[in-house]
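The values are calculated or read from the model by the stated rules, or taken from the named source; none is laboratory data. From a predicted model like this one, the values you see are computed outputs, not experimental measurements. Positions of Cβ are backbone-derived with ideal geometry, glycine not excepted, and every protein chain shown enters the neighbour counts. Quick note on the areas: whole protein, heavy atoms, side chains included, nothing else; ligands and nucleic acids left out. Shrake-Rupley method; radii C 1.70, N 1.55, O 1.52, S 1.80 Å.
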Amino acid sequence: MMLAGRRRSSRARSAMAGDVHDPERARRFREAALPHLDEVYTLARYLLRNAADADDAVQECYLRALKHFDTFRGGAMRPWLFAILRNVCKATYAQRRFVDPDTAEDAVPLWSEPPETPESQVLRRRDDQSIRDMVSALPAVFREAIVLREINGLSYGEIAEIVGAPVGTVMSRLARARSILRAAWLSAEEKAQ
């Protein structure tokens, strides 16, 4: 009798969390979530500044998203995944606040346009790396806002929902991040001359 009760409670828990082994559910999840994998990874790289940690965080994000896919109420999938990723990063990697700037070298280029000449290719690589370095140097709240807006193209409202802050705060963070980036770019140009 006790064993039967355990089975029922196990089944009830499984039904509440969704059956992760249901092929139809897995198919719907793949169709909805996998198109955003690159964007989720890009955000993870900027939040964690480490490729291995970003891989782990994205994997954990997608596992949690699959587990709780039945609780997703429609709407935009990308902000939901970003919110899960943000929570994973904060919960799992909050203890690790050290930053090794040399780890950013293996990052996937975020901006890629076909070069016209070898010279323009060299200049573009230098500029891409400079931008990545400048974004990486931003304080965490500004870096998060600028990546969500400028790289992932989210609206102010979507960013506010993800970070749990009012839209005005998001706008303020973006303005401050852009100001810091502008000053860093102008300073770098001045040093180059």
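Note on region 20-95: with neighbouring protein chains present and a 1.4 Å probe, carbon and sulfur make up 53 percent of its accessible heavy-atom surface.
With a sphere of radius 14 Å drawn around the Cβ of ARG182, what net charge do the other residues whose Cβ falls strictly inside it have (Lys, Arg +1; Asp, Glu -1)?
With Lys, Arg at +1 and Asp, Glu at -1, the net is -1.
Positive contributions from Lys and Arg (+1) and negative ones from Asp and Glu (-1), summed over other residues with Cβ under 12 Å from the Cβ of VAL147, come out at +4.
Under a 5 Å amide H cut-off, with hydrogens placed 1.01 Å from N, ALA76 pairs with nothing among residues at least 5 apart or on other chains.
For region 23-72, the list of GluC sites (Glu not before Pro) that fall in a loop by DSSP and count at most 12 other C-beta atoms within 10 angstrom is empty.
Taking Lys and Arg as +1 and Asp and Glu as -1, the other residues whose beta-carbon sits under 14 Å from that of PRO79 total 0. The relative contact order of region 20-95 comes to 38 percent, based on Cα pairs under 8 Å that sit 6 or more residues apart.
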